Amino acid sequence: MSKYGDIIKKARQPENQITSEPEHEAEQFVNLCVKVPLTQRRYWMARAKEQGITVTSVIVEALSQKFGLPENQKSG
């Protein structure tokens, strides 16, 4: 990959991404699509931006709290 490709790839990674594995062994990320009303999406995106967080981090936190994590990703 070119030096610019590496820079672009790194820039596309979420800033607050936390992995328990070394970066070279990190799990592949995929999209999780959820249909929501446009007005709610706009509201939630604005609130997240005001707080300096991503909606992705909020969704992942909610799913983790509700369902937990796979055995191989649990800490402690």
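The numbers here are math on the coordinates, done by the rules we state, and not lab data. Not measured: the values here are computed from a predicted model. Using ideal geometry, Cβ is built from the backbone for each residue, glycine included, and neighbour counts are taken over all protein chains shown.
First measure r as the distance between the Cβ atoms of VAL36 and ARG12, then evaluate 1/(1 + (r/R0)^6) with R0 = 25 Å and state the FRET efficiency to the nearest 0.05. Mind showing how you got there, number by number?
Numbers: r = 23 Å, r/R0 = 0.93.
That gives a FRET efficiency of 0.60.
What is the extension gain from GLU27 to SER57, computed as 0.36 nm multiplied by their sequence separation minus the C-alpha to C-alpha distance, in nm to one decimal? Please list the in-between numbers first.
Working: separation 30, 0.36 × 30 = 10.80 nm, distance 1.63 nm.
Extending this stretch completely gives an extra 9.2 nm.
Residue by residue through segment 4-10, what is 3J(HN,Hα) from phi via Karplus (6.51 cos²θ - 1.76 cosθ + 1.60, θ = phi - 60°)? Round to whole Hz and write x for glycine and proline.
Values, residue by residue: 6, x, 5, 5, 5, 4, 5 Hz.
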